[in-house]
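J.: Dropping the structure in here first, questions after.
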Amino acid sequence: MLAFLSDMSGLEKIFAVCAIVGGVLFIIRLVLQFMGGDFDVDGADGLDGLDGVDGLDGADIDADFDADIGDTDYSFKLISFQGLTAFFAMFGLVGLAMLKQSGFSQAHSVMGGLAAGVATVWVMKKIFEWAMTLQSSGNIKLKNAIGAEGTVYLTIHAGDTGKVRINIQNHLKVLNAKCAGDEEIKTGEPVRVVRVVSGNILVVEKID
């Protein structure tokens, strides 16, 4: 690398260092960011020891396992480590190409590099905003289950927690649920969600 830089002029060296350092740091930060998601498995809790539960003796239970990326941070700020590294990477690449390959003057190369850096940061910001929109639309919000109808997956005993199968945002989910009254709701019976309580537990009522 030192031999490569030794053949360059002062401005060319600045462009090259900006491109290499900025590009490497940006890629490392980007990879680490997109590896930061949490994977949650729905429907796995409470499936052990089901022998003797009403309607489930000897039955084969197919649990739905949904691996959803939860809290990955797709945010992109203009004045940030991401923004600065993206800016310097493109500033160096375009500036060096204009100066060394295309024969532009130093002033034009600097201005071209600056323009390319700003444009790159703006484009990256728009891409990350789009990714955040996709993430938000894909997340399941339990409050959207209120009013939804489904069936009991695991008997809900009075004062205890069972499980229901509910369609939320076009996703079929098996979630923890309690009965709104003192009655017992058995497996397979239709229910309606009336509210959501702490601990992400649905409160349901039996549909007559």
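J.: Within the stretch 1-36, restricting attention to residues that are modelled with pLDDT under 75 and under 37 Å from the mean Cα position of the chain (by Cα), which residue is surrounded by the most Cβ atoms within 10 Å (Cβ to Cβ)? Talk me through it step by step, then tell me what you get.
T.: First, pick out the residues of the stretch 1-36 that are modelled with pLDDT under 75: 1-8, 33-36.
Now narrow it down to the ones that are under 37 Å from the mean Cα position of the chain (by Cα): 33-36.
Details: Gln33: 16, Phe34: 13, Met35: 8, Gly36: 12.
So, considering only residues that are modelled with pLDDT under 75 and under 37 Å from the mean Cα position of the chain (by Cα), the one surrounded by the most Cβ atoms within 10 Å (Cβ to Cβ) is Gln33.
J.: Between Phe81, Phe104, which is among the aromatic types (Phe, Trp, Tyr) and either at pLDDT 80 or above or surrounded by 20 or more Cβ atoms within 10 Å (Cβ to Cβ) (or both)? Show your work before the answer.
T.: Working: Phe81 fails: either at pLDDT 80 or above or surrounded by 20 or more Cβ atoms within 10 Å (Cβ to Cβ) (or both).
Step by step, each of Phe81, Phe104 is checked, and only Phe104 is among the aromatic types (Phe, Trp, Tyr) and either at pLDDT 80 or above or surrounded by 20 or more Cβ atoms within 10 Å (Cβ to Cβ) (or both).
The values are calculated or read from the model by the stated rules, or taken from the named source; none is laboratory data. These numbers were taken from a predicted model, which means no experiment stands behind them. Positions of Cβ are backbone-derived with ideal geometry, glycine not excepted, and every protein chain shown enters the neighbour counts.
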